[in-house]
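*Asks:* Once you've had a glance at the structure underneath, I'll fire off some questions.
The values are calculated or read from the model by the stated rules, or taken from the named source; none is laboratory data. As the structure is a computational prediction, the values presented were derived from the model and not from experiment. Heads up, the Cβs are rebuilt from the backbone with ideal geometry, glycines too, and the neighbour counts pull from every protein chain shown. The protein model used for the area step is the full one, side chains on, heavy atoms only, and it has no ligands, DNA or RNA in it. Shrake-Rupley method; radii C 1.70, N 1.55, O 1.52, S 1.80 Å.
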Amino acid sequence: MSAALLVRTLRDPASVAALDASGWNSLIAAARAERLIGTLAFRLADVTVPPAVMPILSDARADAAREARQALWEADRAAQALGPLGVRVVLLKGTAYAAAGLKARQGRFIGDLDILVPVEAMAAVEQALIVAGWEWVKDDPYDDAYYRQWMHELPPMIHATRDRMIDVHHTILPLTARQTPDAAAMIADAMPLGDGLYVLSPEDRVVHAVAHMLADGDLQGGLRNLWDIHHLLADTEPNILEARAARHGLGFHVRQAQRLAAALYGSGARLTLWDRLIRARLLARNGWGRETRKALVFAFFLRSHWLRMPPLMLARHLWTKWRKGHRPQ
Amino acid sequence: MRHQLTLRIGPATFRIGSAWPAPIAQLTSLYATYPQPADAIADFTVRLQPTSLVRRFIHPSIFITGDHGLADAAPMSLSHGLLAAEMGMNLQMALGWRRHLLLHASSVEKDGRVLVMTGESGSGKSTLAALLGERGWRFMGDEFALLDLESGAILPFPRLVSLKNRAIGVVAGEVGAARMGPLLAATAKGDIRHMVPRADAVAHMGQGAMPALLLFPRFGHAADMRAVGQAEIFMRLTQASTNYVALGEPAFTALTRFVRDVPARAIDFPTGEEAIAMVERLWEEMA
């Protein structure tokens, strides 16, 4: 299992000394598939690697540097567009880690710009972004209505000339999820970066990353999310984290993430049966970068929908999507 | 993957895996003169996998992917497996290569200097490079010309030449059946047949040279020749590059130098023979 090789290498970079060519090919394919190649490249920066691997890793580091630069520029553009509104704009995920200079930023792939704003400012934020050149991506009225009624974010928007996406959140979990995190408290306790931009407090960063990974979604990209969490945890106070997680209704998930991060990337932990299932899902990737354990992966895909919607709503949603020709990958 | 091959083309090494034996067997034989180092660390992994479990056996259908892929890539029939493998390698280069500026262009070399030809699919750039490669030029590539960011040299990427429709007969008549792949009839781009470059092109595939002339060929028009302004050349080359944006400022600097230093012409031609005469004449005058 090559995802396991990737995890071992991130935990213990010196272990690559034992790899042959086939091992390297597996490691690189798994890292690319999990979008951890940049992270891997940083982890291996001070380790001796075969000559054929060096340009692969330096390309990955250069790509990561470019992504960070682009992400910070997008954040700057959003700050420019939203500044006049006078609301707190909280950067989330990769852009936040880059802007705040956190360890989790090193080599991290950054896709869209994710921001959190107060729910009462959503309409004004949407309007200001449209004026500044962002436009809708989804032209499907069902998707648009679904986002607005049930999701924790606006339908995704893309900038017409820069071709970069922005996701505007007003909380960190869909409104249909069982937990209801206190988004207002998160925004109130966020830390200023200047220019009207903020990042979440260290504890709230963990809560958000955990909510995204374990209380929502199907664990696609889970190894990367867990890597983030592993580093974010190092900046937290255990007591504050516990209290904060409880306040957001995510105490169970945060404790589970702590166990998984320690088991995969740290010094080990005792895992429950449920933890082990998640670990098996996280490691479902072979040496060609291909997903394995199809049934387990599909089960987690179903679970992601189950988490988001009550049964009747889920049935209606799946029926609508099926008629539109959507099929799970 | 059950069947696999490692293949080196120019500066890039590919590990190609397939759920079926046929595409790998065809690649192995057509690329017989290229390095096929079984124990190499590859720059890219290419996967030819079934679009679904059923499609591995019944009406086999290939999904082309790898380190880099497109979620909405059109499935291909197993009878076009060779083309799928070629497209898989091109996809990795187009989306993942960072060590040179990629130009969607063909290139040939003579006397240590390179002629670069760029244009849309169907412009005749592949056919022209293939024909010139048989007539005293060294073939360097029909799909990507690699511009070195520091030296400004063009480096070869001499994969199999992909000939389409009418070009197949023109080139096959010149090189002979032994260097031609199987006819892939009725693909999304029409009929396609691959041609193996001459041995000298493969033997010198690590060797670059400075560009001396840039042409924008256009097949199927009355013979004509035009100068092209530097601003237009620059814009067309950025559009002909898949990694210009990703490489950032070094790409801008290298491309600016290329546009400033390399003379350029647009040429229209009705037949391959006339095109070759025009190219040889321009080469004498300008390069």
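*Asks:* Roughly how large is the B-A contact in terms of buried accessible area, totalled over both chains, probe 1.4 Å, nearest 100 Å²?
*Replies:* The contact between A and B buries close to 1800 Å².
*Asks:* Further question: Counting alpha carbon pairs within less than 8 Å and at least 6 residues apart, what relative contact order, in whole percent, applies to chain B?
*Replies:* 16 percent
*Asks:* Give me the distance in nm between label points sitting 7 Å out from Cα along the Cα-to-Cβ direction at A:Q179 and A:A262, one decimal.
*Replies:* 1.8 nm
*Asks:* A follow-up question, please. Given labels modelled 7 Å from the Cα in the Cβ direction, how far is it in nm from B:R260 to A:A124?
*Replies:* 4.9 nm
*Asks:* What pairs from A:K138/B:K189; A:K294/A:K324; B:K110/B:K164; A:K103/A:K138; A:K103/A:K324; A:K93/A:K294 go past 32 Å between their alpha carbons?
*Replies:* A:K103/A:K138; A:K103/A:K324
*Asks:* Leaving out ligands, DNA and RNA, and with a 1.4 Å probe, what % of the accessible surface on region B:3-96 is carbon or sulfur?
*Replies:* Roughly 62 percent of what the probe reaches on region B:3-96 is carbon or sulfur.
*Asks:* To the nearest 20 debye, what charge dipole does region A:2-323 have about its Cα centre, counting +1 at the Cβ of each Lys and Arg and -1 at the Cβ of each Asp and Glu?
*Replies:* My answer is approximately 1220 debye.
*Asks:* Follow-up question, since we're still on this one. Show A:T320, B:T28 ordered by accessible area, largest first, where the area counts protein heavy atoms only and the probe is 1.4 Å.
*Replies:* Descending order: B:T28, A:T320.
*Asks:* If you don't mind, another one. Under a GNM of chain A (C-alpha, springs under 10 Å), which listed residue has the highest mean-square fluctuation: A:K294, A:K103, A:K93?
*Replies:* Looking only at A:K294, A:K103, A:K93, the largest GNM fluctuation is found for A:K294.
*Asks:* Okay, next question. Per residue of region A:164-172, in order, report the coupling 6.51 cos²θ - 1.76 cosθ + 1.60 (Karplus, θ = phi - 60°) as ³J(HN,Hα) in whole Hz, putting x for Gly and Pro.
*Replies:* Working through the residues one at a time gives 10, 8, 10, 10, 9, 9, 10, 7, 10 Hz.
*Asks:* Residues of region B:46-87 that become at least 30 Å² less accessible with every protein chain present than in their own chain isolated, using 1.4 Å: which are they?
*Replies:* So the qualifying set is B:R47, B:D67.
*Asks:* At a probe radius of 1.4 Å, what is the per-residue accessible area of A:W288, in Å² to the nearest 10?
*Replies:* Surface accessible to solvent at A:W288 totals approximately 20 Å².
*Asks:* Which is farthest toward the positive dipole end of chain A among A:I56, A:A75, A:Y146, measuring Cα position about the Cα centre, with Cβ charges +1 (Lys, Arg) and -1 (Asp, Glu)?
*Replies:* Result: A:I56, furthest along the dipole toward the positive end.
*Asks:* So if we plug the beta-carbon distance of B:E274 and B:S29 into 1/(1 + (r/R0)^6) with R0 = 35 Å, what FRET efficiency do we get, rounded to 0.05?
*Replies:* 0.50
*Asks:* Relative contact order for chain A using alpha-carbon pairs under 8 Å, separation at least 6, rounded to a whole percent?
*Replies:* Value for chain A: 20 percent.
*Asks:* I've got another one for you. Could you work out the mean count of beta carbons from other protein chains within 10 Å of each residue's beta carbon in A:25-33?
*Replies:* 4
*Asks:* On to the next question. Below 8 Å between Cα atoms, with a sequence gap of 6+, how large is the relative contact order for region B:3-96 in percent?
*Replies:* 26 percent
*Asks:* Among A:H208, A:N25, A:M313, which residue has its Cα positioned farthest towards the positive end of the charge dipole of chain A, with +1 placed on the Cβ of Lys and Arg, -1 on the Cβ of Asp and Glu, and the dipole taken about the Cα centre?
*Replies:* Result: A:N25.
*Asks:* Quickly work out the B:M210-to-A:Q149 label distance, labels modelled 7 Å from Cα along the C-beta direction, and quote it in nm with one decimal.
*Replies:* About 6.8 nm separates the two model spin labels.
*Asks:* Calculate how steeply helix A:311-323 sits against the longest principal axis of the alpha-carbon atoms of chain A, using the helix alpha-carbon long axis, and give the answer as 0 to 90 degrees to the nearest 10.
*Replies:* The angle comes out at about 80 degrees.
*Asks:* Then there is this: Which residues does a label at B:H221 reach in region B:269-287, if reach means a backbone N under 14 Å from a point 7 Å past the Cα toward the Cβ?
*Replies:* Answer for this model: B:269-271.
*Asks:* Also, I was wondering about something else. Around A:R105, with a cut-off of 13 angstrom between Cβ atoms, what is the net charge of the other residues, counting Lys and Arg +1 and Asp and Glu -1?
*Replies:* Taking every Cβ under 13 Å from that of A:R105, the sum is +4.
*Asks:* About the Cα centre of the protein assembly as shown, how large is the charge dipole given +1 on each Lys and Arg Cβ and -1 on each Asp and Glu Cβ? Please answer in debye to the nearest 20.
*Replies:* It works out to roughly 1940 debye.
*Asks:* If amide H atoms are built 1.01 Å from N in the plane of the peptide, which residues on other chains or at least 5 residues away come under 5 Å of the amide H of A:V89?
*Replies:* It is A:Y198, by chain and number.
*Asks:* While we're on this one: Heavy-atom accessible surface, probe 1.4 Å, ligands and DNA/RNA ignored: which residues of region A:45-75 lose at least 20 Å² versus the isolated chain?
*Replies:* Buried on complex formation: A:A52, A:P55, A:I56, A:D59, A:D63, A:R66.
*Asks:* For region B:3-96, what is the accessible area per residue in Å², given a 1.4 Å probe and the full set of protein chains?
*Replies:* Dividing the accessible area of region B:3-96 by its residue count gives 38 Å².
*Asks:* Ok, one more. If the chain between B:R2 and B:S79 were fully stretched, how many nm would it gain, using 0.36 nm times the residue separation less the Cα-Cα distance?
*Replies:* Residue separation times 0.36 nm, minus the Cα-Cα distance, leaves 25.9 nm.
*Asks:* In addition: Between A:L282, A:L312, A:L19, where does the largest GNM mean-square fluctuation fall for chain A, given springs only between Cα atoms within less than 10 Å?
*Replies:* A:L312
*Asks:* Moving on. Pop the C-beta distance of A:L277 and B:S121 into the FRET formula with R0 = 35 Å and round what comes out to the nearest 0.05.
*Replies:* 0.15
*Asks:* Right, next: Within region A:145-178, which residues have the backbone N less than 15 Å from the label spot 7 Å out from A:K324 along Cα→beta-carbon, could you tell me?
*Replies:* Once the point is set 7 Å along Cα→Cβ of A:K324, A:145-151, A:155-157 turn out to lie under 15 Å by backbone N, inside region A:145-178.
*Asks:* From the Cα gyration tensor of region A:162-221, with a ≥ b ≥ c the square roots of its eigenvalues, which class applies: rounded if a/c is under 1.5, or else prolate if a/b is larger than b/c, or else oblate?
*Replies:* Since a/c reaches 1.5 but b/c is at least a/b, the shape of region A:162-221 is classed as oblate.
*Asks:* Using a Förster distance of 25 Å, how high is the FRET efficiency between B:A199 and B:A38, based on the Cβ-Cβ distance and rounded to 0.05?
*Replies:* For B:A199 and B:A38, the calculated efficiency is 0.70.
*Asks:* Can you give the helix-only mean residue ellipticity at 222 nm for chain B, where every DSSP H stretch with n ≥ 4 adds -39500 (n - 2.57) and the sum goes over all residues, rounded to the nearest 500 deg cm²/dmol?
*Replies:* -9500 deg cm²/dmol
*Asks:* Give me the percent of accessible area attributable to carbon and sulfur for region A:2-323, probe 1.4 angstrom.
*Replies:* Heavy-atom surface of region A:2-323 belonging to carbon and sulfur, 1.4 Å probe: 55 percent.
*Asks:* A further question follows. For a quick check, take a GNM of chain A with Cα springs below 10 Å and name the residue from A:D195, A:D228, A:D20 with the largest mean-square fluctuation.
*Replies:* The residue with the greatest mean-square fluctuation here is A:D20.
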